[in-house]
1. Between a first residue in segment 4-15 that is without any contact (Cβ under 8 Å) to a residue 24 or more places away in the chain and a second residue that is among the hydrophobic types (A, V, I, L, M, F, W, C) and surrounded by fewer than 15 Cβ atoms within 10 Å (Cβ to Cβ), which pairs have beta carbons less than 7 Å apart while being 6 or more apart in sequence or on different chains?
2. Quick one: is Thr178 hydroxyl-bearing (Ser, Thr, Tyr), within 22 Å of Trp55 (Cα to Cα) and not in a helix (DSSP H, G or I)?
3. Are any residues in segment 181-210 in a strand (DSSP E or B) and either open to solvent by less than 60 Å² (accessible area, probe 1.4 Å) or charged (D, E, K, R) (or both), and if so, which ones?
4. Pull out all pairs, ordered by first then second residue, where Cβ-Cβ is under 7 Å, the residues are six or more apart or on different chains, the first lies in segment 41-69 and is on the phi > 0 side of the Ramachandran plot and at pLDDT 95 or above, and the second is surrounded by 12 or more Cβ atoms within 10 Å (Cβ to Cβ) and not β-branched (Val, Ile, Thr).
5. What number of residues within segment 211-266 are open to solvent by less than 20 Å² (accessible area, probe 1.4 Å) and among the aliphatic types (A, V, I, L, M)?
6. Testing Pro139 on (1) in a helix (DSSP H, G or I); (2) open to solvent by less than 20 Å² (accessible area, probe 1.4 Å), one condition comes back false. Which one is that?
7. Among the residues of segment 1-50, how many are over 18 Å from Tyr301 (Cβ atoms), of a type in the set (Ser, Thr, Tyr) and either touching a helix residue (DSSP H, G or I) at 6+ places or on another chain (Cβ under 6 Å) or loosely packed, with under 14 Cβ neighbours inside 10 Å (or both)?
Amino acid sequence: MSRTTPPRPLDVTALFPRLAPLARTATRLHPHPGSPSPHDSSVGGPLLWPADEPWPHCEGPHVWDQVNAVLSPQDVRQQRSIRAAVASRPEGIPEMVRFTPEERAIDSLIKAGRPWPDGPVPMLPVAQLYTRDIPRLRPPGTAEADVLQVLWCPFDHPEHPRTALFWRSAAAVTRVLTAHPEPPAVQFPGYVPQPCLLSPEDVTDYPNLLELDEEVQQQLGEWSAWQAAGPAVDSFYAIAPQEFYMNKLSHAPGWKVGGWTRWGLTDPTPRDCDACGTEMDPLLTISSAEWDPSTESWIPYEDQSRSTQSLTDPEPWNPTMLDLARGYDLQLHVCPVSPDHPHIELIQ
């Protein structure tokens, strides 16, 4: 099913013309539960990985926080499956009774945890993106590559998973790896992506308020400047109209390719390439949520009927089941000069 973002409440460039040259196209990925194959663009799905190419491992260090039970990726998936089954049973039955004895026994074994891993850890597939599905996705300096593969180590380095990027030509993969190694444990269940298919959609992004010059910031903060839009502007924002810009007009929430960088934990910081000093471009936003209460106007039409929590669909806003830094996003930036230059990981 395709996903369609509702139009923005107004054309912000009509009120603030200086924003017009700052518009960027971003591609919302709209992950949704599915069973992807190696030939699909996906989150958490199998990769088109050559059978004769070594699987990437992380050398560490991997430091145990000694607080959370250590689970394997299979433990996480089994726990999710049990919880989904329990949630699908009649609400009138007390939750503990809704568990079957077998489910309760499996859940107890999972909660006992696994040994902390020793040595290199196989990385987990996070995303696979084909340029046929996302035409704006282009590798710098590698015209023949048509698929981007993102993997990570499911342990903090130091405050989020360490990522690895691979560009390759799909046509060059003649024999696909049918089963990849998995890490014996992960630091948090929220570091295991739930397999999802994608429904890419182009939208228009504008910069975070903090990346605008002071004059434009001041204009966006003046309620009188918004009055020409009439009822399209919610009077709830009269005290701080710049929040209307941030929540409804600036940058799309959720997983996306390109667009503008999100900020929230920190003020904007330089994103220059360590190898050549060139300003780096936003590549991929790996998100802990497709929307939140402040960004509900971005919920696609197709998801609006399931936008609130229910027993059978407990987190419709987070189909990938990721949780990064307690609900933030991991944004990957790349150098436009060369794919061989190291990328930047930014939690915001």
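1. Thr13/Ala20
2. So Thr178 fits the description; yes.
3. Once the filter is applied, which keeps residues that are in a strand (DSSP E or B) and either open to solvent by less than 60 Å² (accessible area, probe 1.4 Å) or charged (D, E, K, R) (or both), segment 181-210 yields Val186, Cys196, Leu197, Glu201, Asp202, Val203, Asp205.
4. Gly44/Pro125; Gly44/Pro193; Gly44/Gln194; Gly44/Pro195; Gly44/Cys196
5. Adding up the residues that qualify gives 7.
6. Going through the list (1) in a helix (DSSP H, G or I); (2) open to solvent by less than 20 Å² (accessible area, probe 1.4 Å), Pro139 breaks only (1).
7. Residues flagged as over 18 Å from Tyr301 (Cβ atoms), of a type in the set (Ser, Thr, Tyr) and either touching a helix residue (DSSP H, G or I) at 6+ places or on another chain (Cβ under 6 Å) or loosely packed, with under 14 Cβ neighbours inside 10 Å (or both) within segment 1-50 amount to 4.
The values are calculated or read from the model by the stated rules, or taken from the named source; none is laboratory data. The model shown is predicted, which means the values in this text are computed figures rather than measured ones. As a convention, Cβ positions derive from the backbone with ideal geometry for all residues, glycine included, and neighbour counts pool all protein chains shown. The protein model used for the area step is the full one, side chains on, heavy atoms only, and it has no ligands, DNA or RNA in it. Shrake-Rupley method; radii C 1.70, N 1.55, O 1.52, S 1.80 Å.
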